[in-house]
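Just so it is clear, none of the values below were taken in a lab; they were calculated from the coordinates. Please read these numbers as outputs of a predicted model, since none were measured by experiment. Don't worry about glycine lacking a Cβ; one is built from the backbone with ideal geometry, like all the others, and counts go over all protein chains shown.
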Amino acid sequence: MPGGRASGSPLDEAAGAAGPHTVEGFKLLSDETRLAILLALWEAYDPEEGRGTVSFSDLCDRVGAADSGNFAYHLDKLAGRFVDEHEAGYALSNAGHRVVRSVIAGTGLEEATLEPTEIPRSCPTCGDPLEITYRDQRLYQRCSECEGSLGPSSPLRAPEGTVTVHDDFEPAGLAGRTPEEVFVAGTIDQTLALALVVRGVCPACTGSIEDALHVCEDHDPPVGHRCGACGTRDEVRARYVCSVCKFNVSYPAWCVTLDHPASLAFYHDHGFEGTYGLEDPETTARLWERFRRRQQIVDRDPLRVRVVVEDAGETLALLLDGELDVIEVEGPRPVAAERASLGDR
């Protein structure tokens, strides 16, 4: 085949940058007996007791293998990568657990959808009620009235009215939760994922994250609307891409300031400790309110972005450079003083 590798293997042909190591991993999992072994070991695993070791004969029975020699061949193929071999028998390795968990999390629900449901949260743009919905394996937080912060032409290709979208919220996250609990879980998950990517760690595979600022050169949205050129309200956004697994996400530039020490101290001084959990939706609501930040490009060469945080009548301003580093902190100071300074710009 012109330009291709004459191996005869579709996996080899399609591998590209994934390389032979990844191809071998897929090949190891391309047999029904081997997949049955992984599922049988997962069924035997007890997280409470920390056990999951199964003897050869027991594992052979669990899989229903009629030929022990053929079964041993397939088990040997998995050993060392997806299965660990111990003196007492066999157990899933960490990689084996991840393989099974990824399938369980993604397909473990019969109905992996959530119809648009209003929750007791407000749109950070207009203040109207917020809705949450889950479809196409994406968790959307949408405004019930305004056009939201993201649209179909944005980097995230979001439906009209979208405020935020979470690509990596697995269907299992809907199990046994009310819509508000799904919202809380999604907010926590997104916040922790953001904390990882801004520190250069991929939340999907722990690989290295590469970041870059993207500026919309034609940013001119009508008041209260998204920009027609970039499909967002944000003239400047941060893009994060994993160099290993191609995980990627886009955030407004101000997101890099959420965990900055000055920002954390500002919220601490205003009664927000920063501790939260599923059982504490009100504190998580405060966490959501931290996303009400403003950003403005104050210089283009070199690039400087001013991010303003507001709470309880005071503001804090942080200045970002083109490398997404905070290079200057101003405040806290009264809101009136901040607004007066903006009027001078």
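For region 292-320 versus region 187-255, the spacing of their alpha-carbon centroids is 17 Å. Structure remark: mean-square fluctuation, Gaussian network model of the chain, C-alpha springs under 10 Å; the largest value among Ser263, Ser243, Ser30 belongs to Ser30. Under the criterion of Cα pairs below 8 Å and six or more residues apart, the relative contact order for region 31-107 equals 34 percent. Close amide H partners of Ala65, meaning residues 5 or more places away or on another chain with modelled amide H under 5 Å apart, do not exist here.
Tell me the relative contact order for region 261-344 as a rounded percent, counting alpha carbon contacts under 8 Å between residues six or more apart.
Values: 105 pairs, mean separation 15.6, N = 84.
Relative contact order for region 261-344 comes out at 19 percent.
Take the chain, connect every pair of alpha-carbon atoms lying under 10 Å apart with a spring to form a Gaussian network, then pick out the residue of Pro129, Pro334, Pro179 with the largest mean-square fluctuation. Of Pro129, Pro334, Pro179, the Gaussian network model singles out Pro334 as fluctuating most.
In µm²/s, what is D for the chain at 37 °C and 0.692 mPa s, where D = kT/(6 pi eta Rh) by Stokes-Einstein and Rh is the Kirkwood radius from Cα pairs? Spell out each step's value before the answer.
Values: Rh = 23.4 Å.
For the chosen part, D equals 140 µm²/s.
Please work out whether region 261-344 counts as rounded, prolate or oblate from its C-alpha gyration tensor, where a ≥ b ≥ c are the square roots of the eigenvalues and a/c under 1.5 means rounded, while otherwise a/b larger than b/c means prolate and anything else oblate?
Prolate.
Using only helices, what value at 222 nm comes out for the chain when you add -39,500 (n - 2.57) per DSSP H run of length 4 or more and divide by the total residues, to the nearest 500 deg cm²/dmol?
Values: 10 runs with 109 residues, N = 345.
Result for the chain, helices only: -9500 deg cm²/dmol.
Here the Gaussian network model covers the chain, with springs between Cα atoms less than 10 Å apart; of Ala36, Ala253, Ala112, Ala36 fluctuates the most.
Rounded, prolate or oblate: which one fits region 137-176, using the alpha carbon gyration tensor with axes a ≥ b ≥ c (rounded when a/c is under 1.5, else prolate when a/b beats b/c, else oblate)? Oblate shape, in that a/c is at least 1.5 and b/c is the bigger or equal ratio.
About its Cα centre, the dipole of the chain is roughly 760 debye, where the only charges are +1 on Lys and Arg Cβ and -1 on Asp and Glu Cβ. Each residue of region 150-155 is assigned a 3J(HN,Hα), and the resulting list reads 10, x, x, 8, 6, x Hz, derived from the Karplus form 6.51 cos²θ - 1.76 cosθ + 1.60 (θ = phi - 60°), x at Gly and Pro. Entry note, the chain: relative contact order of 8 percent, from Cα contacts under 8 Å with a spacing of 6+ residues.
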